[in-house]
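Novice: What follows is a structure written as structure tokens; I'll ask about it next.
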Amino acid sequence: MSAAALERQIRPIYDALDTGSNKSAIVACNKLLKKHPKNVLIKALKALALIRSQKVEESLVLCDEVLQSKPIDDGILTAMMHVLRGLGRHNDMVTMFDEAYKQQPTNEDLGAQTFFANVRVSRWKSAHQIATRMYKQFQDERYLFWSIISAVLQAKDVSTPPNMRTILYQLAHRLITSSPTPSYVNADRFHLHLTILRDLKLYEEANKLIDSDIGKSICATNLSCNEIRRDICIQQGRIQEEAERAEQLIVEKKDRNWLEFLSVLDGAVPAAVSAGTANKSTDAGANINRVQELFTKVAEEDASKDRSAALALLELEKRARTHGLSQDRSRLLTLLKQYFEKFGDKACCFEDLKPFLELEESELAQLTSFLEAVPTSFTTVSELRRLINSYKILRYTLPLTDITEEKESARVAAYVRFYFEGLALGDGLPSSELQPADDLVLLAGNTYVSLWKLTDGDCHLLNAVYLLEFALIKSKQSFLTRLILIRLYRLLGASNAALEHYRAMQVKQVQHDTLSHLILSRASTFSLSATGDITLSTECLESTQIYLSNSQETGDFIVRAFTGEKYSQIPEFISFEDQLDNSLQRDTVKIEHLRMRLTHEPINSDLIDMELIELKFIFDRIHYDNRDFAILPNYQPKLSEGLHNQTLLFSKPEGDAWMMTFLKVYIRAFQQASDLDDTVEEKLLIGDRPKQTADFDKKLSLRDRLMQRDPEHLSSLTLDEVKFVEYAHALIDWLEPYHNHCRPPPAVVLAEAAKQTELKTGHPLKGIDIPPLNGNGHHKKSEEPPAIHEAPEVVVKYFDAAKSRFKEAQSKPSPSELLHVATLAQEAYLLLVTETLRFKNPSVVKIHKLGNLVTNFKTLRSDALSALAEISSTLIKRGESDGSSDSRHLCMDHCSSDLSSNIDHDFIVTCAKKICDSRKKVLDGVGKGIDRLRTTYA
Amino acid sequence: MSVLRPFKASDMFRFNNINLDIWTETYGIGFYLSYLSRWPDLCCVQEAPSGRMMGYVLGKAEGSGAEWHGHVTAITVAPEYRRLSLARKMMSLLEMVSEEIYKAFFVDLYVRCANIVAIEMYEKMEYSVYRRVREYYGNLGIGKGGKDEEDAFDMRKPLPRDVNQRSIRPNGRDIIVSAHDVS
């Protein structure tokens, strides 16, 4: 058959792949392979279709075959690029392109592909070498710059030793100065050049570039270049020059970028006191006066059009005070008042003034009386905003002695009253708009939380819910209101209501990473997975889609930034990718999902092995905390712990410590329950092993690291979690020797894996010699089993203790804590099930003579089961009572008169019903779930 | 008063106070990265001295011949920072870069015909309606504002290079094109 005819037959395979018809692509490949059994392209395409149909093992076989043929054909390489990416085998991709490029060194496109393959796995050294070679070969200056930035990126890589970094920067410097055309032909090349000079501290050379006409014009039109220019000036102490330049911009060009004002301020007086600044005080005094005049003039000119100069005056005075250079003690207060007069009707006035509210007692008293004099009657939105700003500042500066139940109650009454009055101002607004009075509700919400903290009375949380829910009718799109509600509903044990609001915010894409903590932190407490309701565990999976997009897409854009020569963006993209890939929230959700999964899916070796491998990868990662807590509208006094901390579920933050603690528990438990040891795992692993980025003592073994306990870590755990962790480790320590004794040797495990693969794919596993098996598959050990010990006391008594904690928690009006205790007891039981899974097989027990050990389990299990039975039935009963109309009435009775006089009674009924229904659902579901697990693992 | 600085990829971790507002869409990360990987100088952020993001603009340069222009793809300001002329400052940066770096003839943007507040704001910034694009905003469907909800005005502002002011036409509101003719 001619080549053209073959090509015609291959085209439908591409079409099928393009339209996602992987099945028909496979069929078409098989048909053609019969006629052309040696055609590598068809094999590569089949491998691609297979991987896209999740048939990983089969794809692997073909993939290896294709790679062995060392392809150079463009079509094959492209298909294989997708295959290898799908398998996560980026290192093989580098080898493949490397070999192809070696065979065709004049193929420019292939050179670029090889370069990008290296970029994808951050092999900067090889990337640098390839780019250098390409520059020589093809004489395109772009490749010179690729080689330069590769050297810079290698210098920045954490794995590069510090002494190498300077050498690499010097190399980059030498190369960039060797460029035939100067770097300033392109802003991004110029940016790269300045970065190198900055990091090498070659200021003189940098100044020459910056001060040249073309340099000046680039910095004037490119914010990134200007940023680095400013950096270089400051680093070499050209602060005065910078101040003069900024002043010129402010005066002549009317530039109002706050950065320019900061430069002028820095020229007059530094923000912080440092050694060496003290002796310049006479100079500084004169400087301050001069700058003060300048800003005063600008402020007058700008009037209410721009806040920069007015704010700069405040900052100047603040700095003067820090240095003891303030000439007029009353000035700060005067400026604050002036600012409030001028900008008090801007929504951001409070935020603007926040940094300047560190006042002495007498000053504060004056400011307070000034703000208390702000009229409480309003007819315009401006007046209302002024009142709100005054309330925010007053509240922020409250001394501890004023945070009492009585005073907070008075405040909340005022906020509520003016909120309802203020609603009139937003009467005709379209439903998509926000009410101008909304912030009063947020203030009230904060205050109710404060009252709750002061009194421990849930009635304040209920009142907050009624008011905030009402406010949402008036401002349907107020996400700030929803944020507080989400926190409150979780505290109240009405998890479903919290989820409803979370969903209404339409969190999507990268926001999942920064915001899913709102609903997923400790979400297993409310999970009904055991009953088959996988709402929350689905939420976990959905929130992790973004990490997949990140690993699929961001790399492509890094490549695009290379092709488009946007060097300023490359390091940014790389660190973005890294920060998202190694997100703390990602792995916190992973743990939470695992906890739910164990209640939903059968606990068996497949689940254990898969999770074990993933968890170990997580353990080796460095973590970035991208969670957004600043989004919560915090209007609490600055001396209080703030709304975020006050409304944390169980008053305990999640974070690295929490995640690592649970991670250690599960890695240890799964390691014991699994037959995979490191050698087996190595052989069975398909994709590349992720880099170890975590910061730990590399001399320590994995086991050493797992055994490390940091007492400080426990402080982010609730007491019940601490108990659980103690129990878990005691259980694991106890059973470790028996697991190690029974675990089949790696050869046997591999043989079994090979057998399974062959059954599935028809091909044996590669590189594995299967040793002869001794008949029944169970190896016999000649040595005696380890001495049998009784279960440790912590383990034996755990469920009794849990029972009494459960009784205690029943007295709380909110069921959250009760659910916490209950789900932890359930988790403890599932851990016992996991840990004893190996010994369920009677022949294992018999061969290894562990009969006495197994009797221990029986008592443990029956104790646990009876405790869980009690917990389960109590939860179900509690669910009934919490969902009853009596409870609803009780909730409604808590409604304060401030609210009931303004909010329709029926509305309160609906809110109370929502809470009660939601509580009933979760209590009943968790109760029934526990019961179900009792039967499953009886 | 605000810091004007380049939009960076990591700003995606911090833009919630802007993007949770319903009028601001949160796109896939590829959207932001595609702008940054091509027109980083047309993407900038306004930030409060506290470090909180106040607003941002994403723009691009496109078109051929006399149609070569700067385009404002997204401009947004968080609710609490509105009415502080932030949009104006970001627009003037974008106009300056379109003029000086990209040598564009004009800058343009799309706005919902029903969004009278925004249209008036852009008119103050010397933009004028060049044409009406039918059914440009499909997602909301026809609401209270009827056709004005889903149609867009393409508003343009000439830059010095547009010597003949061809990006201005007095009857722009009456010139109607369909959405697939424009992008």
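Novice: What list of ³J(HN,Hα) values in whole Hz, one per residue of the range B:101-111 in order, does the Karplus curve 6.51 cos²θ - 1.76 cosθ + 1.60 (θ = phi - 60°) give from phi, with Gly and Pro shown as x?
Specialist: In residue order, the calculated couplings are 8, 8, 6, 7, 7, 7, 10, 9, 7, 10, 9 Hz.
Novice: Ok, one more. Can you give the average number of partner chain beta-carbon atoms within 10 Å of each beta-carbon in peptide A:213-221, as a whole number? Please list the in-between numbers first.
Specialist: Details: counts 0, 0, 0, 0, 2, 1, 0, 2, 7.
Counting Cβ atoms of other protein chains within 10 Å of each residue's Cβ and averaging gives 1.
Novice: With +1 assigned to the C-beta of every Lys and Arg and -1 to the C-beta of every Asp and Glu, and no other charges, what is the dipole magnitude of the range A:567-629 about the Cα centre in debye, to the nearest 20?
Specialist: 180
Novice: Moving on to the next point. For the range A:1-157, what size does the Cα cloud have along each of its three principal axes, sorted from largest down, in whole Å?
Specialist: 49, 33, 27
Novice: Compute the distance in nm between two label points, each set 7 Å from the Cα along the Cα-to-Cβ direction, one at residue A:473 and one at residue A:682.
Specialist: So the two model labels end up 6.8 nm from each other.
Novice: What 222 nm value per residue comes from the helices of the protein assembly as shown, counting each DSSP H run with n ≥ 4 as -39,500 (n - 2.57) and dividing by all residues, nearest 500 deg cm²/dmol? If you can, show how the numbers build up before the last one.
Specialist: On the way: 53 runs with 685 residues, N = 1121.
After summing the helix terms and dividing by the residues of the protein assembly as shown, the value is -19500 deg cm²/dmol.
Novice: Give me, ordered by chain and number, the residues 5 or more places off residue B:54 or on other chains with an amide H under 5 Å from its own placed amide H.
Specialist: Residues meeting the amide H criterion: B:46, B:47, B:48.
Novice: Right, here's the next one. Using a Gaussian network model on chain B with a 10 Å cutoff between Cα atoms, which of B:59, B:28, B:70 fluctuates the most?
Specialist: B:28
Novice: What ranking do A:415-421, A:296-302 get when scored by the average of other Cβ atoms within 10 Å per residue, highest first?
Specialist: Numbers: A:415-421: 21.0, A:296-302: 15.3.
In decreasing order of mean packing, A:415-421, A:296-302 become A:415-421, A:296-302.
Novice: So if each residue of separation counts as 0.36 nm, and I subtract the Cα-Cα distance between residue A:380 and residue A:361, what length gain in nm does that give?
Specialist: Details: separation 19, 0.36 × 19 = 6.84 nm, distance 3.31 nm.
Contour length minus the Cα-Cα distance gives 3.5 nm.
Novice: Taking K and R as +1 and D and E as -1, what net charge do the other residues with C-beta under 10 Å from the C-beta of residue A:919 add up to?
Specialist: On the way: positive: A:878, A:914, A:920, A:921; negative: A:882, A:917, A:924.
Charge balance near residue A:919 sits at +1.
Novice: Would you please state the base-10 log of I(q)/I(0) at q = 0.26 1/Å for the range A:444-531, with intensities from the Debye formula using one equal scatterer on every alpha carbon?
Specialist: Log-scaled intensity ratios, in q order: -1.31.
Novice: Place +1 on the Cβ of every Lys and Arg and -1 on the Cβ of every Asp and Glu in the protein assembly as shown, take the dipole about the Cα centre, and give the residue among B:18, A:559, A:187 whose Cα lies farthest towards its positive end.
Specialist: Ranked along the dipole, the leading option is A:559.
Novice: To the nearest 0.05, what FRET efficiency results for residue A:705 and residue A:545 with a Förster distance of 45 Å applied to their C-beta separation?
Specialist: Details: r = 30 Å, r/R0 = 0.68.
Here the calculated transfer efficiency is 0.90.
Novice: In percent, what relative contact order does chain A have, based on Cα pairs under 8 Å that are 6 or more apart in sequence? Display every interim value, and only then the final one.
Specialist: Details: 1090 pairs, mean separation 85.3, N = 938.
Rounded, it is 9 percent for chain A.
Novice: In addition: Out of the DSSP beta bridges found with both residues in chain B, what percent are antiparallel (nearest 5)? Write down the numbers at each step before the final one.
Specialist: Working: 30 of 37 bridges.
If I count the DSSP bridges inside chain B, around 80 percent turn out antiparallel.
Novice: Out of A:671, A:629, A:617, whose Cα points farthest toward the positive end of the dipole of the range A:614-732 (charges: +1 Lys, Arg; -1 Asp, Glu; placed on Cβ)?
Specialist: Projecting each Cα onto the dipole axis, the largest value belongs to A:629.
Novice: Near residue B:153, within a Cβ-to-Cβ distance under 14 Å, what is the net charge of the other residues, with Lys and Arg +1 and Asp and Glu -1?
Specialist: Details: positive: B:112, B:131, B:132, B:134, B:147, B:156, B:157, B:169, B:173; negative: B:108, B:120, B:123, B:135, B:148, B:149, B:150, B:151, B:154, B:174.
Taking every Cβ under 14 Å from that of residue B:153, the sum is -1.
Novice: Here's a follow-up. Just need the relative contact order of the range A:299-417 here, percent rounded to a whole number, with Cα pairs under 8 Å and 6+ apart.
Specialist: Once normalised by length, the contact order is 23 percent.
Novice: Taking K and R as +1 and D and E as -1, what net charge do the other residues with C-beta under 15 Å from the C-beta of residue A:158 add up to?
Specialist: Working: positive: A:123, A:125, A:156, A:165, A:621, A:691, A:698; negative: A:157, A:577, A:578, A:581, A:620, A:695.
So the environment of residue A:158 carries a net charge of +1.
Novice: Determine Rg/Rh for the range B:53-115; Rg is computed over alpha-carbon atoms and Rh is the Kirkwood hydrodynamic estimate from the same atoms. Mind showing how you got there, number by number?
Specialist: On the way: Rg = 12.7 Å, Rh = 12.5 Å.
Rounded to two decimals, Rg over Rh is 1.02.
Novice: Here's a follow-up. Could you tell me which helices of chain B pass both thresholds, a Cα extent of 27 Å or more along their own axis and a mean Kyte-Doolittle hydropathy of at least 0.0, with helices taken as whole DSSP H runs? Walk me through the intermediate numbers first.
Specialist: Working: long enough: none.
Length and hydropathy pass: none found.
Novice: How about the range B:1-99: which chymotrypsin sites (Phe, Trp or Tyr not before Pro) there are in a DSSP loop, with at most 14 other Cβ atoms within 10 Å of their Cβ?
Specialist: Working: sites: B:7, B:13, B:15, B:23, B:27, B:31, B:32, B:35, B:56, B:68, B:81; in loops: B:7, B:15, B:23, B:27, B:68.
Filter output for the range B:1-99: B:23.
Novice: Can you tell me the Rg and the Dmax, both Å, for the Cα atoms in the range A:245-345?
Specialist: When restricted to Cα atoms, the range A:245-345 yields Rg and Dmax of 13.4, 42 Å.
Novice: Report D for the range A:301-381 in µm² per second (integer): Stokes-Einstein, Kirkwood Rh on Cα pairs, 4 °C, 1.567 mPa s. Don't jump to the answer; show the numbers that get you there.
Specialist: Numbers: Rh = 13.6 Å.
This corresponds to a translational diffusion coefficient of 95 µm²/s.
Novice: Rounded to the nearest 0.05, what FRET efficiency do residue A:107 and residue A:752 have when you use their Cβ-Cβ distance and R0 = 51 Å? Don't jump to the answer; show the numbers that get you there.
Specialist: Numbers: r = 45 Å, r/R0 = 0.89.
Using R0 = 51 Å, I get an efficiency of 0.65.
Novice: To the nearest 0.05, how large is the calculated FRET efficiency for residue A:796 and residue A:715 if R₀ is 41 Å and r is the Cβ-Cβ distance? Each step should come with its number before you reach the end.
Specialist: Values: r = 27 Å, r/R0 = 0.66.
The calculated FRET efficiency here is 0.95.
Novice: Roughly speaking, what is the stretch gain from residue A:410 to residue A:787, that is 0.36 nm per residue apart minus the C-alpha to C-alpha distance, in nm to one decimal?
Specialist: Details: separation 377, 0.36 × 377 = 135.72 nm, distance 6.86 nm.
Result for the pair: 128.9 nm of gain on full extension.
Novice: Relative to the compact globular guide of 2.2 N^0.38 Å, what is the alpha carbon radius of gyration of the range A:584-684, as a ratio? Can you show the working numbers first?
Specialist: Numbers: Rg = 17.5 Å, N = 101, 2.2 N^0.38 = 12.7 Å.
Here the answer is 1.38, to two decimals.
Novice: Full extension from residue A:220 to residue A:726: what is 0.36 nm times the residue separation minus their Cα-Cα distance, to one decimal in nm? Please list the in-between numbers first.
Specialist: Details: separation 506, 0.36 × 506 = 182.16 nm, distance 6.10 nm.
Contour length minus the Cα-Cα distance gives 176.1 nm.
Novice: Kirkwood Rh over alpha-carbon pairs of chain A, then Stokes-Einstein at 10 °C and 1.306 mPa s: what D in µm² s⁻¹, rounded to an integer? Spell out each step's value before the answer.
Specialist: Numbers: Rh = 33.0 Å.
Taking Rh from Cα pairs, D becomes 48 µm²/s.
Novice: Related question: Between residue A:624 and residues 5 or more places away or on another chain, which pairs have amide H atoms under 5 Å apart, with H built 1.01 Å from N, and which residues are they?
Specialist: For residue A:624, whose amide H was placed from the backbone, the distant partners under 5 Å are A:583, A:584.
Novice: Working from the alpha-carbon coordinates of chain B, get Rg over Rh, Rh being the Kirkwood radius. Walk me through the numbers before you get to the answer.
Specialist: Numbers: Rg = 16.1 Å, Rh = 17.0 Å.
For chain B, the value is 0.95.
Novice: Label residue A:613 and residue A:73 with points 7 Å out from Cα along Cα→Cβ: what is the distance between them in nm?
Specialist: Inter-label distance under the simple model: 3.1 nm.
Novice: Could you give the nm distance between label points at residue A:39 and residue A:54, where each point is 7 Å from its Cα heading toward the beta carbon?
Specialist: The two pseudo-label positions are separated by 3.0 nm.
Novice: Here is a further query. Enumerate the calculated ³J(HN,Hα) couplings along the range A:134-150 in order (Karplus 6.51 cos²θ - 1.76 cosθ + 1.60, θ = phi - 60°), each rounded to whole Hz, writing x wherever the residue is Gly or Pro.
Specialist: Values, residue by residue: 5, 4, 4, 6, 9, 6, 9, 4, 3, 5, 4, 5, 4, 5, 5, 5, 4 Hz.
Novice: Using only alpha carbon positions, build the gyration tensor of the range A:91-212, then give the equivalent ellipsoid semi-axes as the square roots of 5 times its eigenvalues, largest first, whole angstrom. Kindly include the intermediate steps, with their values, before the conclusion.
Specialist: Working: eigenvalues 149, 61, 18 Å².
Computed over the range A:91-212, the values are 27, 17, 10 Å.
Novice: Follow-up question, since we're still on this one. Based on C-alpha coordinates, I'd like the Rg and Dmax of the range A:146-259, in Å.
Specialist: When restricted to Cα atoms, the range A:146-259 yields Rg and Dmax of 15.2, 48 Å.
Read-outs: derived from the displayed coordinates by stated rules, not from any lab. Computed from a prediction, not measured in an experiment: that's the story for all the values here. Glycine also receives a Cβ, built like all others from the backbone with ideal geometry; neighbour counts cover every protein chain displayed.
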